[in-house]
Amino acid sequence: MPTHRSSLITQNSCARRVLVTGGAGYIGSHVVLALGEAGYQVLTYDNLSTGNRDAVLHGELVVGDLADKPLLAQTIADFQPDAVMHFAASIEVGESVNKPLKYYRNNSVHALNLLEAVREAGVNRLIFSSTAAVYGNPLELPVTEDTLLAPINPYGASKMMSERFLADLAQADEAFEYVALRYFNVAGADPQSRLGQDYANPTHLITRALKTALGIFPKLQVFGTDYPTADGTCIRDYIHISDLAQAHLDALTYLLNDGTSQIFNCGYGHGFSVREVVSMARQVSGIDFIVEETDRREGDPAELIAANAQIRRELGWQPQHDDLEFILRTAWDWELKLSKGRN
Ligand code: UDP
C-alpha cells in the first residue's frame with residue numbers, strides 16, 4: 001500500500017518530478033533524501049525485498065516490483081516524471097556467481113521492463129546505476145570509461161547488458177538521453193546518521209568489519225591474501241555515499257539541461273587494500289576485532305581504481321569526502337545507531 005509523506009517541497013507543483021526505483025535501498029534512499037533537499041518531487045518504486053520502508057525520508061513510496069509491468073506503467077502514468085533514476089537491483093558479486101539467473105532477471109530483464117515502460121510513457125531522461133564490475137580485471141589502472149568491458153562475474157555482466165540496452169535505445173531514439181554511473185565501492189552513511197546501509201545479510205567489507213567490531217559477527221574474514229598487490233589483499237576505490245548522491249544530482253541537472261547520453265565512473269581515483277580498511281575500522285571503532293585470513297572469494301578482481309576526470313569535467317562533480325576515516329566514521333555512527341534501535 002502506498003505510503004504518503006508530505007513536505008512543503010513535494011507540495012510545490014512546479015518542482016521537477018523524479019521517479020526512483022530502489023529508493024528504499026542503501027544508495028537510492030540517500031539520493032531520494034538529497035533530491036528532496038534540493039527541491040525535487042520524488043516517487044520511490046521499490047518492492048522492499050532488500051530496502052526498508054523507513055529509509056524513504058522524502059516523497060511517496062509505491063511498493064511494487066519491476067516484474068509487475070501494469071503497476072509500473074500505471075505508476076509512471078500517474079506521476080509523470082521528468083526523469084527516472086534506476087537503482088533497484090541485486091548487487092552482490094559472490095551471490096551472483098552462485099545465482100546468475102537471479103542477476104540476469106533482476107538486473108537485466110527488469111531494466112528492460114523499466115525502459116519499455118519509460119518509453120511508452122514518453123519519459124526521455126534516465127539515470128542508471130552501473131558498476132565498476134563491468135570492467136572485470138582491467139588491464140590498466142586507473143580505469144577510464146573507455147576501458148574494454150570484460151566482466152568476470154554475472155553481476156558485472158548483468159549490468160553491462162543493461163548499459164547496452166541504454167546505448168542502443170539512445171542510438172535509435174533521438175529524444176532519449178541517459179547517464180550511466182559506474183559506481184566503485186560505495187560506503188559510509190549520511191553524516192547526520194539519518195540513513196545508512198541496512199541489509200539483513202550485509203556482505204560488503206566496511207559493514208562486515210564494523211558489525212564484527214560490534215560483536216554482531218564473531219570474526220571478519222579477509223578473502224585472499226595472495227593477490228598481486230602490495231599487501232596481497234584486494235584494492236578498491238571507496239567512495240562516500242554523499243558524494244555519490246551528489247553525482248546523481250549533478251547528472252540530473254545535466255540531463256534536465258539537455259545534456260546528451262554519457263557514462264561516468266564514480267570514484268576518487270585511488271584505493272585502499274582490505275588490510276588498510278580493516279586497520280581503519282579497528283581505529284575508528286576502537287575495537288580490535290578478530291580477523292581471519294581465508295581463500296579468495298570467487299569473482300573478485302585484484303584492483304579497481306576509477307579515473308574520474310570525465311565526471312569532474314562534464315558534470316562539474318566535486319567530491320567533498322575523499323577521506324577513508326570519514327567514510328568509516330559515518331558508517332560507524334550509523335552502526336551504533338542501528339545497534340541501539342533506530343528511532
Ligand atoms: N571482503 C573481505 N571480507 C568480507 C567482505 C569483503 O575480504 O567480509 C573483500 C572482498 O573480497 C573485496 C573487498 O573486500 O576484495 C571489497 O568487497 P565488497 O564486497 O565490499 O565490495 P565489491 O568490491 O565486491 O563490490
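We did not get these values from a lab; they are worked out from the coordinates using the rules stated. Predicted model only: the values in this text are computed from it and were never measured. Ideal geometry is used to build each Cβ from the backbone, glycine not excepted, and the neighbour counts take in all protein chains shown.
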Label model pair C14, T294: point-to-point distance (7 angstrom along the Cα→beta-carbon line) in nm is 5.7
Which residues qualify? For V20, with a placed amide H closer than 5 Å and at least 5 residues away or on another chain, they are L43, T44, Y45, M85
Distance in Å, no decimals, from the C-alpha centre of the stretch 144-188 to the one of the stretch 289-337 is 20
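Given the -39500 (n - 2.57) contribution per DSSP H run of 4+ residues, what per-residue ellipticity at 222 nm results for the chain, rounded to the nearest 500 deg cm²/dmol?
Values: 11 runs with 123 residues, N = 343.
After summing the helix terms and dividing by residue count, I get -11000 deg cm²/dmol.
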Excluding residues fewer than 8 positions from K211 in its own chain, the lysines with Cα under 19 Å of it are K219, K337, K340
At q = 0.12, 0.14, 0.18, 0.22 1/Å the base-10 log of I(q)/I(0) from the Debye formula over the alpha-carbon atoms of the stretch 215-343 is -0.60, -0.78, -1.07, -1.26
Residue by residue through the stretch 118-129, the couplings from Karplus 6.51 cos²θ - 1.76 cosθ + 1.60 with θ = phi - 60°, in Hz, x for Gly and Pro, are 5, 6, 4, 8, x, 7, 10, 9, 9, 10, 10, 7
Using alpha carbon centers only, the stretch 217-235 is separated from the stretch 56-133 by a whole-angstrom value of 33
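Quote the FRET efficiency, to the nearest 0.05, computed for N257 versus Q80 with a Förster distance R0 of 22 Å and r equal to the Cβ-Cβ distance.
Details: r = 20 Å, r/R0 = 0.89.
My answer for the efficiency is 0.65.
Quick check on packing: order 54-61, 334-341 by the mean number of other C-beta atoms within 10 Å, highest mean leading.
Details: 54-61: 22.2, 334-341: 15.1.
Highest mean packing first, the order is 54-61, 334-341.
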Relative contact order in percent for the stretch 225-311 (Cα pairs under 8 Å, 6+ apart) equals 48
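Between A175 and R194, what length in nm is gained on full extension when 0.36 nm per residue of separation is reduced by their alpha carbon distance?
Numbers: separation 19, 0.36 × 19 = 6.84 nm, distance 3.74 nm.
Full extension of this stretch gives 3.1 nm more.
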